[in-house]
């Protein structure tokens, strides 16, 4: 007897198959969660190291910049004071109550202020008005420091010239810095050097 098209196979309907993957076949392999976690941890570690390195570099640059700024602020005192002494020397030479009197440069200071550079070694020094007015050199210049100072100041007359000097030891390591500005009489005027001599300015 022939089977009618579309009729169920002999013996009735076949056994129902479960939904999902065919029998005998498991689900496809899932990604290895452990390996993924390790990769993420490695990437995060590298990123963290890079960030730490960047922060470290920025911190070093910040510290260096701050120290540079502070050092420049302190050395500005020396440059300004030395320039002022030179201008005072020119003014003192040109000014006289007697037009017929011969112009003279101010005499050398008897001693620098303060007397020892140790007094400004890694610290400020507060001078008194008497330190300046009691010295013939500084008194002639009319120069004095009214605020605490980081440097020792001196003035030397050498023949027809002079030298205004600042010495310091900002970090107290025993290595001195110096700033010198020279001037000399030329004809009836005093000519001041166009540049200052600096030795270890930021020691």
- prompt: Any residue at all in the range 108-126 that is closer than 18 Å to residue 190 by Cβ and either in contact with a helix residue (DSSP H, G or I) (Cβ under 6 Å, 6 or more places away or on another chain) or modelled with pLDDT of 95 or more (or both)?
  reply: yes
task: Report yes if residue 104 is part of a loop (DSSP other than H, G, I, E, B), without any contact (Cβ under 8 Å) to a residue 40 or more places away in the chain and touching a helix residue (DSSP H, G or I) at 6+ places or on another chain (Cβ under 9 Å), otherwise no.
output: yes
- prompt: Going by the conditions given, is residue 183 within 25 Å of residue 203 (Cα to Cα) and in contact (Cβ under 8 Å) with a residue 40 or more places away in the chain?
  reply: no
- prompt: For residue 81, are the conditions met, namely being modelled with pLDDT under 75 and surrounded by 10 or more Cβ atoms within 10 Å (Cβ to Cβ)?
  reply: no
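The values are calculated or read from the model by the stated rules, or taken from the named source; none is laboratory data. Everything quoted here is computed from the prediction, not taken from an experiment. Note that we place each Cβ from the backbone using ideal geometry, even for glycine, and neighbour counts take in every protein chain shown.
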